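Colleague: The structure under discussion is supplied below as C-alpha cells; questions concerning it will follow.
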Amino acid sequence: MKKTISLSLMAVASIYAAEVTLAPISVESTVVTEVSQNAKTSADLAQALSSSVPSIDMSRRSGIANDIYIRGQKRDNISVEVDGTKICGACPNRMDPPVSHILASQIDEVIVIEGPYDVETFGTMSGGVKITTKKPTKETHGEVNFGYGSFNYSKVGATASGGNDRVRVLVSGSSETGGQYVDGNGNTLSEQVKNYAASTPMTDPNNAKVQGGKYQTKYQDMQAYKKKSLMAKAFVTVTDNQELQMGVTKNKSDDVLYPNSAMDAMYDYSNLYNIAYDIKDISNIYKDINLQYYYSDVDHPMSTAYRMAAANPMMEMTSQLKTTMQGLKLKNSFDIEGHKLLVGLDGSKRTWDGSYYKNGTLLAASPVSIDNAVTNNAALFAKLDKSFGNIDLTLGGRYDSTNIQNDKATQQDNDYTGANANILTAYNLDKQNKIFLGAGQASRVPDARELYFMNSANKEVGTPNLDQTTNKEVDLGYESKNTLMKFKVKTFYSKLKDYIYYDKTVMTHNFVNIDATVYGVELSSSIYATDALTVDASASYKKGQKDEAISATNTDKDLADMAPIRGRLAANYEYANNSIATLETQLSDKWSSYDLNNGEQELGAWGIINMKVKHAVSKNFDFTLGVNNLLDEAYAQSNTYVDLTLLTAGANTMLLNEPGRYIYTNLDFKF
C-alpha cells in the first residue's frame, strides 16, 4: 500500500506537464548566500552553516573538517552535493565528512533541504545540502584573500575568472594552516587529552587505551592541520542554446589532529570531477535537457603515529580507507499550459575499501575493515510544479533500486527498493504572507560500515541484514516578508521506521534497526529597525525518542544527537557604504535529554558573544576584524554518541571543548 501511494504521486506528476514561474516553497529548504563573504574564520563549511541555519548543528571533531547535523540527523541520513557531485567520506569515524571536501571561500550558494523533499538526489532521507560553487564569468574578475588569527592561523587564497562569448574560465586556490586552538580553560588540543587521561582511574580497564591516546612529547605542540585546495572550471558555449560545463576540485589536508579520537589523519586527499552538457529551449514544450557525469574519490589513512600508543616504534597502527563515488544523471524539463515538469534518471556507484597496517605493513592476522564494498543505485524521479490562484503546489516522486555487495564470502549481499514521494503546498494569504505545508516519505539504504565493518580486533561491528530506513514526515510553517521585517517559523514531525542505530550493549553486530520519532520547531527573523540597523534572530528546538527501548539492558529511550534548544541574536549596523559592524550572541540550553546507555552525557548550558567589523576601505579592498567567544567561555557543543569511536574510560567519554577567545583579521583585494 505504501509503495502504491508513492508511485501514484509519480504517475500524477507525469500526467500534468507544463511551465509556470513559481516562488520557491519555503517548507523544504533554506537558502544561504554570501557564504564565502561571511566565512572569515576558516575554510570550515560546517562552522559557517551551523552559525547561520537554525536547523543545522555542528559536530566538533577537530580544528577543521567538522561535521553537520540537520535536525539531529547526520551520516547517510542526509545527502551532500557539490555542483551536482555527490560526495562521500572514506573515514568510518567521520574525520572527513562530505562538507569538508569543499571550502567555504569557493562557494556561491548553499541550499539546505530540511526533510524528505528532494527527489533528485539518492539518499536525501531527512535532509540534504546542495552546494553551488562560484561560476566563471565573461568579464575579467579576481580577488586575493589573506587571513590571520589566533592559534597560529593563516590563510592565503586567490580566485581569477574571465573569458569571452565562447569560453569562460575560473581558477581558485587556497592554502591554510592552523595551530592547536586553546579552549576557554586555557588548554590546547593535546592538553585536553592529557587532562582527560589524568582524570581516568588507574583501576579502569580502559586506562591503558586512554593513556595511549595522549600525544607524545615531541608532537604536543604540532600544528592542528594543513589544508590546500585548487578548483578549476570551464564553461563552453557550443551554440546559442547549448553549453558544456567542466569542473575539477582537488583537496589536500595533512596532519589533521582529532584529539578525542585515538587516531589522527595522516592526510586526507580528495578529487571531485564533473562534466555536464545542457541544451535549452529545444521546443515550446521541451524546455531543457541536462546530462551530467561526476566522479569523486577520497584517500584517508588515520594513525596512532603521534600518540603514546606508538611511542614504541614497533606499535604504530594505521587504518587506511578509500572510497569513490561516480554517477550519471539525466534531467528533462517540460513546460505545458501552466505546469512545470521535471523527469529524470539517476544512477550511481560507490566503492569503499579499508585495511589495517602495523608499522606500515599490512596486518595479515587482521581482517580488512571494509572488503571492497560496492553500492549500485538506479532511480527514476519526477517533480511537478503548478499554481492554482493563491495556491502553489509541488508533487515529487522517486523510485530506487539498490544493490550492495562486498568481497567477504561470509557477509551477505543486499538488495533494496524504495518508493519515495512528497507533496508541498503554499497558500499565499497576500503578497507578504503565506502558510505552507509539506508531507513526504523517503528512504535510505545502509552503508558499508553499518553492514560490513570489522574492527582491528576481528570484531564484526556491522550488521549484514539491516533494513533500509524510511522517514515519513510532515512540515508546517508560516512566512512573512515586508519592508519592516521578514519572519519564518517551521514545525516538523518525523516518524523513522527501521532507523539505523548503534547499540553499545552488544558484543557484535552493533548496528540495529529501531523505530523512532523526531519533532521540533525552527524560527528565523530579521527586523529592519532603521536603514542602517538590522536585528537577526533565530532559534531551534528538537526532540527525539525511540518508540521502544532497544533491549532489556539498553533502556534509555532518548534519541542520540538531539541538541537542546539553541538560538542566535545579532545586530548588524551599516555605518558606511558596504561597511558593517556585527554584535552577536549564541546561546544553548543544557543537554537534559540524551542517550546515556549509548555514550552520551549531560552537557552544560552555554552562551558566547562574537563581534565583527567589515570595513570597505575602497571598492577594491575590504578589511575585516573580528573576535569569537569574546568572554573566553569554556564549553562543549558536541555530545559523545558511540557511533563515533572516541577515547572512553568506563562510562566517561572524552568531550572536546570549543575554541576559546579567537581574534582574526582578513584582507580582501578585488580587481
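Colleague: Quick one: what Rg and Dmax do you get for segment 256-330 from the alpha carbons, in Å?
Modeller: In Å, with Rg to one decimal and Dmax whole: 21.7, 72.
Colleague: Taking Lys619 as the anchor, which lysines have their alpha carbon closer than 16 Å to its alpha carbon, excluding any fewer than eight residues away along the same chain?
Modeller: Lys670
Colleague: Also, I was wondering about something else. Of Thr553, Asn620, Val35, which is farthest along the charge dipole of segment 2-670 in the positive direction, counting Lys and Arg as +1 and Asp and Glu as -1 at C-beta?
Modeller: Checking the options against the dipole of segment 2-670, the answer is Asn620.
Colleague: Shape verdict for segment 381-442, please, from the Cα gyration tensor: rounded (a/c under 1.5), prolate (a/b greater than b/c) or oblate.
Modeller: The shape class here is prolate.
Colleague: Around Asn652, with a cut-off of 14 angstrom between Cβ atoms, what is the net charge of the other residues, counting Lys and Arg +1 and Asp and Glu -1?
Modeller: Net local charge, Asn652 excluded: -1.
Colleague: May I ask you to sort Trp352, Trp606 by Cβ crowding, counting other Cβ atoms within 10 Å and putting the fewest first?
Modeller: Listing Trp352, Trp606 from fewest to most nearby Cβ atoms yields Trp606, Trp352.
Colleague: Where the centre of each part is set by its Cα atoms, how far does segment 571-603 sit from segment 141-197, in angstrom?
Modeller: A separation of 22 Å, based on Cα centres.
Colleague: Between segment 296-367 and segment 401-420, what is the separation of their alpha carbon centroids in Å?
Modeller: 17
Colleague: Let me ask something else. Taking DSSP loops as anything outside H, G, I, E and B, show the longest stretch in the chain free of GluC sites (Glu not before Pro) there with at most 15 other beta carbons within 10 Å.
Modeller: The segment 338-547 is the longest one with no such site.
Colleague: Set Lys and Arg Cβ to +1 and Asp and Glu Cβ to -1, take the dipole of the chain about its Cα centre, and tell me which of Gly186, Tyr295, Leu380 lies farthest positive.
Modeller: Result: Gly186.
Colleague: What is the order of Arg568, Arg449, fewest Cβ neighbours within 10 Å to most?
Modeller: Exposure proxy ranking, most exposed first: Arg568, Arg449.
Colleague: Here is a follow-up. Apply the Karplus curve 6.51 cos²θ - 1.76 cosθ + 1.60, θ = phi - 60°, to the phi angles in segment 413-429 and return the couplings in whole Hz, x for Gly and Pro.
Modeller: Per residue, the Karplus-derived 3J(HN,Hα) values read 7, 9, 10, 9, 10, x, 10, 10, 7, 8, 9, 10, 10, 9, 10, 7, 4 Hz.
Colleague: First measure r as the distance between the Cβ atoms of Asn164 and Phe623, then evaluate 1/(1 + (r/R0)^6) with R0 = 41 Å and state the FRET efficiency to the nearest 0.05.
Modeller: Working: r = 33 Å, r/R0 = 0.82.
Computed FRET efficiency for Asn164 and Phe623: 0.75.
Colleague: Quote the relative contact order of the chain in percent (integer), defining contacts as alpha-carbon pairs under 8 Å separated by 6+ residues.
Modeller: Reported as a whole number, the value is 13 percent.
Colleague: Of Lys386/Lys557; Lys138/Lys490; Lys218/Lys322; Lys134/Lys497; Lys252/Lys542, which ones are farther than 31 Å apart at the Cα?
Modeller: In this structure, Lys386/Lys557; Lys138/Lys490; Lys134/Lys497; Lys252/Lys542 lie more than 31 Å apart at Cα.
Colleague: Another question, if that's okay. Taking the Cα atoms of segment 78-137, what is the range of coordinates along each of the three principal axes, in descending order and whole Å?
Modeller: Extents along the principal axes: 35, 28, 15 Å.
Colleague: Using the Cα centre of the chain as the reference point, and only Cβ charges (+1 on K/R, -1 on D/E), how large is the resulting charge dipole? Debye, rounded to the nearest 20.
Modeller: Dipole magnitude for the chain comes out near 520 debye.
Colleague: Give the order of Ser588, Ser253 when sorted by the count of other beta carbons within 10 angstrom, beginning with the fewest.
Modeller: Ranked by crowding around the Cβ, least crowded first: Ser588, Ser253.
Colleague: When N counts the residues of segment 357-493, how does its alpha-carbon radius of gyration compare numerically with 2.2 N^0.38 Å, as a ratio?
Modeller: Rounded to two decimals, the normalised Rg is 1.61.
Laboratory data are not the source of any read-out in this text; all were calculated from the coordinates shown. Because the structure is predicted, anything quoted here is derived from the model rather than measured. Here Cβ is always computed from backbone atoms with ideal geometry, including for glycine, and neighbour counts include all displayed protein chains.
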